[in-house]
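> Quick one: structure below, then a few questions.
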Amino acid sequence: MSKTARNLLIAAGILVIGFLVWYFSQIVLYILGALVLDLIGRPIYDFIGRPVFRRFHLPPAVRALLTLLVLLVCMFSFFGVFIPLLVVKIQELSAIDPQSLVTAFREPLEWFNNVVNRFVVSPDKSYTPEELGRRLLTGVNIGKVAGVFGSVANWLGNVSVALFSILFMAFFFLKDENLFSRAILSMIPDRFTENASEAMLATRKLLTRYFTGILMEVTGVVILSTLGLLIVGFPFKDALLVGFLAGIFNIIPYLGPVMGTLFGLFTGIVSYLQHPGESNIFVLALLIIVVFMVVQFIDNMLIQPYVYSNSVHAHPLEIFLVFLVAGSVGGLAGMIFAVPTYTVLRVFAKQFFSQFKVVQSLTRNI
């Protein structure tokens, strides 16, 4: 077979594989979810595998079941605590009277009104705080927030099949550590088997460190946000709820911190309107923003460099560009999966295309 024909055959094979991945994208997502559980649960699996009595080791199937049980208990414990709090807070948020917001923010609106009247509009066309508030709230229906979260709740109620599929596959991935690797290697020509095996081993180590780092980052943001909100006067349950959601949202690059800050502001405003305190609501809003700015500063300066740089051995600017490209191609989901995908591509590029200078530059720290 000529070289041209062989290259065409390889290109056709890649196109076919790409089409199958796209057509069966839901199943591919299930497999990826199972692999993530495998990576996160592997340290627990190895810990359980230590000898317990006279060098007796638990069977792999029992270890895999116990690992999944630990992960499920942690997950349902978190959501069992926070989902009811979130539902209550959404109901409170949807019941807000927009006019009460205008009343609460009357002083800052008057100041803003004076600035607008002085520098933007003519003196004979001034707006009262009520009129300005009405214009700002035109088209805003806070009650729609409940509908949005209700749609999310309905979507979450249909994940039983996905959860079962992911757990079922994760059980076998944990039980047989090399199951996925053997399946991939069986589709690779023999002359590439050694390089592919080394690439998958390196990828597994890097991704394990990455997902462990993500858990550390989420935990850090939850703790810092909760403590900061407690300091500015949040009730403990509200501070814990906002801190938890801020940590979860923080997984989403760039947009996540904004979402966490907005939810913190909404929660603070709801609490203030229900139980007005001595402080001004505008001051409270500023303090909430300051809390999240400080948390993000600590996260960006101390936590993220470890997660994104040390765990996957990539330069922060490199990761930033990856996020931009992934966001433009795959939107929000693309940004979430950007770093793991880029890590896999770098490792395989080093194994198979190390003769190229650009590959050498991007993979020199791996």
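The values are calculated or read from the model by the stated rules, or taken from the named source; none is laboratory data. Remember, predicted model here, so these are calculated numbers, not experimental data. Because the Cβ atoms are built from the backbone with ideal geometry, glycine has one as well, and the counts that use them run over all protein chains shown.
> Of the conditions (1) more than 24 Å from A326 (Cα to Cα); (2) surrounded by fewer than 21 Cβ atoms within 10 Å (Cβ to Cβ), Y254 satisfies every one except a single condition; which number is it?
Failed condition: (1).
> Has segment 219-229 got at least one residue that is over 23 Å from A338 (Cα atoms), not in a helix (DSSP H, G or I) and not acidic (D, E)?
So far as segment 219-229 goes, no, none of its residues is over 23 Å from A338 (Cα atoms), not in a helix (DSSP H, G or I) and not acidic (D, E).
> Applying the selection to segment 221-251, what residues are closer than 30 Å to V325 by Cβ and crowded, with 19+ Cβ neighbours inside 10 Å? Break it down stepwise before answering.
Residues of segment 221-251 that are closer than 30 Å to V325 by Cβ, as a first pass: 221-222, 224-225, 245-251.
If the condition is that a residue be closer than 30 Å to V325 by Cβ and crowded, with 19+ Cβ neighbours inside 10 Å, then V221, V222, L224, S225, L245, A246, G247, F249, N250 are the ones that fit.
> Also: Inside segment 318-334, can you point out the residues that are of a type in the set (A, V, I, L, M, F, W, C) and modelled with pLDDT under 75? Write out each step before concluding.
Applying the first criterion (of a type in the set (A, V, I, L, M, F, W, C)) to segment 318-334 yields 319-326, 329, 332-333.
The answer is V329, L332, A333.
> Sticking with this one: Among the residues of segment 186-210, which ones are in a helix (DSSP H, G or I), of a type outside the set (S, T, Y) and surrounded by fewer than 17 Cβ atoms within 10 Å (Cβ to Cβ)?
Within segment 186-210, the subset in a helix (DSSP H, G or I) is 190-210.
Filter once more, so that each one left must be of a type outside the set (S, T, Y): 190-192, 194-196, 198-202, 204-207, 209.
Scanning segment 186-210 gives D190, R191, F192, E194, N195, E198, L201, K205.
> Further, regarding this structure: Any idea how many residues of segment 49-99 are of a type outside the set (K, R) and modelled with pLDDT of 85 or more? Give the derivation first.
Within segment 49-99, the subset of a type outside the set (K, R) is 49, 51-53, 56-62, 64-88, 90-99.
Imposing the further condition that a residue be modelled with pLDDT of 85 or more reduces the set to 59-62, 64-73.
Result for segment 49-99: 14.
> Now a separate question. Which residue out of F352, F323 is surrounded by 13 or more Cβ atoms within 10 Å (Cβ to Cβ), assigned by TED's automatic domain parsing to the domain that holds Y210 and within 18 Å of the chain's Cα centre (by Cα)? First the steps, then the outcome.
Numbers: F352 fails: within 18 Å of the chain's Cα centre (by Cα).
Among F352, F323, only F323 is surrounded by 13 or more Cβ atoms within 10 Å (Cβ to Cβ), assigned by TED's automatic domain parsing to the domain that holds Y210 and within 18 Å of the chain's Cα centre (by Cα).
> Residue under question is R182, and the condition is that it be at pLDDT 80 or above and in contact with a helix residue (DSSP H, G or I) (Cβ under 8 Å, 6 or more places away or on another chain); does it hold?
no
> Next question. Which pairs turn up if I take residues in segment 210-231 that are in the same structural domain as A314 (by TED's automatic domain parsing) and look for partners that are surrounded by 20 or more Cβ atoms within 10 Å (Cβ to Cβ) and of a type in the set (D, E) with beta carbon separation below 6 Å, at least 6 apart in sequence or on another chain?
Within 6 Å, the pairs are V221/D299.
> Here's another thing I want to ask about it. Given the structure, is D38 part of a helix (DSSP H, G or I) and out of contact with any helix residue (DSSP H, G or I) (no Cβ under 7 Å at 6 or more places or on another chain)?
So D38 fails the test.
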